[in-house]
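To start, the structure under review is shown below, and the notes come after it.
The values are calculated or read from the model by the stated rules, or taken from the named source; none is laboratory data. Everything numeric in this text was worked out from a predicted model, so none of it was measured. Using ideal geometry, Cβ is built from the backbone for each residue, glycine included, and neighbour counts are taken over all protein chains shown.
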Amino acid sequence: MRWVIGLAVGLALAGASMFALADKPGPDWMSFEQVVQKLKEAGYTQISKLEADDGHWEGKGTKNGQSLKFHADPRTGVITSEKPD
C-alpha cells in the first residue's frame, strides 16, 4: 500500500514539473521583445501581460481603446485569437 502512495506522489511531482516546463518559451520562439513589437504593429497601444502558455504567447492589452485577451503564434508573433477581457 505504501508503494502505491509513493508512486502516486512521484507521478504528481513529475506531472507538476512537466507543466512548469511547458510554460517557458521554446528555443525557436520569437523573443518577448519581438512579440511586443509585432503586437504594436497589429494596433496594440498597451500590453499589460505577456507570457508563454500552452504552446503560444498569451496576454492582455489595449487595442482601439478596448481591453483584449490574445494569443500569438510563438514563431511569427501573428495574433491567432482575440477576445474582450
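Which of the following residues is β-branched (Val, Ile, Thr) and either touching an Asp or Glu at 6+ places or on another chain (Cβ under 6 Å) or within 14 Å of residue 24 (Cα to Cα) (or both): 45, 62, 80?
The conditions single out 80.
Look at region 21-53 and say how many of its residues are more than 13 Å from residue 73 (Cβ to Cβ) and part of a loop (DSSP other than H, G, I, E, B).
5
Restricting to region 22-49, name every residue that is surrounded by fewer than 16 Cβ atoms within 10 Å (Cβ to Cβ), hydroxyl-bearing (Ser, Thr, Tyr) and more than 15 Å from the chain's Cα centre (by Cα).
Within region 22-49, just 45 meets the criteria.
Considering only residues that are assigned to a strand (DSSP E or B) and either of a type in the set (D, E, K, R) or at pLDDT below 95 (or both), which ones fall in region 62-85?
63, 69, 82, 83, listed by residue number.
Quick one: which residue in 52, 72 is touching an Asp or Glu at 6+ places or on another chain (Cβ under 6 Å), buried (at least 17 other Cβ atoms within 10 Å of the Cβ) and not β-branched (Val, Ile, Thr)?
52
Can you name the number of the only condition in (1) modelled with pLDDT under 95; (2) not in a helix (DSSP H, G or I) that residue 17 fails?
With respect to (1) modelled with pLDDT under 95; (2) not in a helix (DSSP H, G or I), residue 17 is out only on (2).
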